[in-house]
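Scroll down for the structure; my scribbles are underneath it.
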Amino acid sequence: MSIDVAPALEDKQSYSELLTDINEISGGQDSVLQSGNACKNCPFNKQYYIALNERGFWKAQHGRARKRIEELEKENKELKAKLRMREQQLFGKKTEKSTKNDKLGGSEKEKKPKRNRGQQPGQAGHGRGKHKGLEVIEQTTEIPEEERHCKICGLPFEDFPGTEDSDDIVVDVKAYKRRIKRKRYKKTCECPETPGIITAVKPAKLIPKGILDTSVWVKIILDKYYLYRPTYRFLRELQLYGADISQGTVTGGLKKIAVLFDPILNEIETKNKSAFHWHGDETRWQVFELIEGKETYRWYLWVFATKETVLYILDPSRSAKVPRNHFAKVEKGILSVDRYVVYKVLLEGGRILLAYCWAHQRRDFLNLARSYPQLEGWAFEWVELVGELYRLNDIRVSKLGNAKAFKESDDNLRKAVDEMQQRFEQELADKKMNGECKAILKSMKNHWEGLTVFVDYPLVPMDNNEAERRMRGPAVGRKNFYGSGAVWSGHFGAGMFSIFQTLELWGLNQYIWLKEYLEACARNGSKPPDDLSKFLPWQMSKQRLRALSKKPEIRTGP
């Protein structure tokens, strides 16, 4: 191998310095090395230059190799962590709830017998449901007349007082064509103002000249926006009952019906904005119609839930303009959210406080434990600390009616919060702390002010689970029918989600409410009713709430 020795010469300040190095290697025994002129053609001198140059080359190669190995090892750990996380997402438990067995030690866990699901042997059951809300239709069965006698002697049986009764539940689904025959009358007077033939008034119709009765529209809307089933699947079910309805008829009808719900949605939005505390979240929603300025079908469904209302907003973007517009006129309040950065726009002006979700913070530690098993012990220590905060806060909230007990439990919670802060500050200061652990603790530190909002506001939950629960239904719908085929359809869907989930908060029967509302619209000439108080839960009387309730004896409001 031919190696140019010039670079080695350039690395030295002078030729004499090289000779000094050689002299040190040889121990100063070769007097020839003392003379620069005599050593220029020395074979040993030339070999030294070559070795010196090779040493620099291989040292640089070794450094690059070590750096590359470190990068590959780091990348390998990250990929393994991602693989474990994907396996957990695909094949692992979908819930983060822990059971009592999970909290026991190994030996205790083996001793505790596994409990079977369902009714336990030896335990008293709750009996059959009474189904008090169902109409009772009596059906009397008799012994055929030719069999009402003794088979031995032939003498007849006599009637005996009373009956032996039993109940069963019947669901009789039937589609039929209702033919309305309006009777006509002929006048018998000579009054010119009175028409010669008088015909009975037409029954109220939701859609003038429409072929579908209000009962069908109730079923269609509930099936899609409360049960999250595609419209075509419901129409296939109707075909089994002999009713063949085209999807175009349904789509055109829904577009006409959509405007009837605008006054209700305006009231829900106004009520929603008047609250002090909200839960917020967002998820993707496909709208298969291109609009100006947007090249994709991806829209976003936002939700803002309070104790009295749930409002969904469909928007083409996931930007800060949605929360900014919704809370533009809100003077003060608290919004529980995840750590999505756009919500921070609400912090401007100090009108809105952001309460960050502890369930998301806890999930960071769980994900770390799943991705890096060697860090599992550290991660679960933090999971237990978060669980302890939940426990202390639950105790505090349960003591709200007792000032002395509340003060004691509040002090315990604040002490635990301070200790947690001290711990993550100490661990962040530790230079030997693992980088993945530090990243989680840095995130906690950056969001600490929002994470601790609940400390000063006991009625604000520690997590944002309420908003995530309200997104589950639409997420099921998105999976079943992919989204909306048009912009108007997407907004109509968001509106119906808002109405049905608000009714759910109040424990009201969506079927009864929708049936009565659409019938009121039909009676009002296919327009929204003038008096909306009968259909807004927060304006209903207790009697009205009870009449619309799913369980009248239990629920009368949130």
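The values are calculated or read from the model by the stated rules, or taken from the named source; none is laboratory data. Because the structure is predicted, anything quoted here is derived from the model rather than measured. A quick note on method: Cβ atoms are made from the backbone with ideal geometry, for glycine too, and the neighbour counts reach across all protein chains shown.
The single condition from (1) loosely packed, with under 14 Cβ neighbours inside 10 Å; (2) among the acidic types (D, E); (3) more than 20 Å from R339 (Cα to Cα) that E449 fails is (3).
Highlighted here are the helices (runs of 4 or more DSSP H) found entirely within segment 211-305 that include at least 1 residues which are modelled with pLDDT of 95 or more and more than 30 Å from A175 (Cα to Cα): 262-273. In segment 385-405, the residues that are touching a residue at least 12 places away in the same chain (Cβ under 8 Å) form Cβ pairs under 7 Å with partners that are surrounded by 17 or more Cβ atoms within 10 Å (Cβ to Cβ) and of a type in the set (D, E, K, R), at six or more places apart or across chains, as follows: V386/R362; R396/D410. Within segment 337-346, can one find any residue that is touching a residue at least 40 places away in the same chain (Cβ under 8 Å), under 25 Å from E295 (Cα atoms), surrounded by fewer than 20 Cβ atoms within 10 Å (Cβ to Cβ) and of a type outside the set (V, I, T)? Yes, because at least one residue in segment 337-346 is touching a residue at least 40 places away in the same chain (Cβ under 8 Å), under 25 Å from E295 (Cα atoms), surrounded by fewer than 20 Cβ atoms within 10 Å (Cβ to Cβ) and of a type outside the set (V, I, T). Exactly one residue among Y511, Y482 is touching a strand residue (DSSP E or B) at 6+ places or on another chain (Cβ under 7 Å) and hydroxyl-bearing (S, T, Y), and that residue is Y482.
The rows are residues; the columns are (1) among the small types (G, A, S); (2) in contact (Cβ under 8 Å) with a residue 40 or more places away in the chain; (3) loosely packed, with under 12 Cβ neighbours inside 10 Å; (4) at negative phi.
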{"residue": "I180", "(1), (2), (3), (4)": "no, no, yes, yes"}
{"residue": "D213", "(1), (2), (3), (4)": "no, no, no, yes"}
{"residue": "L222", "(1), (2), (3), (4)": "no, yes, no, yes"}
{"residue": "L235", "(1), (2), (3), (4)": "no, no, no, yes"}
{"residue": "G242", "(1), (2), (3), (4)": "yes, yes, yes, no"}
{"residue": "I245", "(1), (2), (3), (4)": "no, no, no, yes"}
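Condition first: at pLDDT 95 or above, of a type in the set (G, A, S), over 20 Å from R470 (Cβ atoms) and crowded, with 18+ Cβ neighbours inside 10 Å. Can you find one or more residues in segment 508-522 that meet it? Yes, segment 508-522 contains a residue that is at pLDDT 95 or above, of a type in the set (G, A, S), over 20 Å from R470 (Cβ atoms) and crowded, with 18+ Cβ neighbours inside 10 Å. Between S498, S489, S526, the distinction of being among the small types (G, A, S), in contact (Cβ under 8 Å) with a residue 24 or more places away in the chain and assigned to a loop (DSSP other than H, G, I, E, B) belongs to S526 only. Looking across segment 409-431, the residues that are touching a residue at least 24 places away in the same chain (Cβ under 8 Å), more than 17 Å from F365 (Cα to Cα) and in contact with a Lys or Arg (Cβ under 9 Å, 6 or more places away or on another chain) come down to D410, L413. The single condition among (1) acidic (D, E); (2) over 18 Å from K445 (Cβ atoms); (3) outside any loop (DSSP other than H, G, I, E, B) that E308 does not meet is (3).
Candidates I313, I257, I334: the one that is out of contact with any His (no Cβ under 9 Å at 6 or more places or on another chain), in contact (Cβ under 8 Å) with a residue 12 or more places away in the chain and of a type outside the set (S, T, Y) is I257. Among all positions in segment 421-434, there is no residue which is closer than 28 Å to K307 by Cβ and part of a helix (DSSP H, G or I). Could you tell me whether segment 347-363 includes any residue that is under 25 Å from the mean Cα position of the chain (by Cα) and among the charged types (D, E, K, R)? There is at least one residue in segment 347-363 that is under 25 Å from the mean Cα position of the chain (by Cα) and among the charged types (D, E, K, R).
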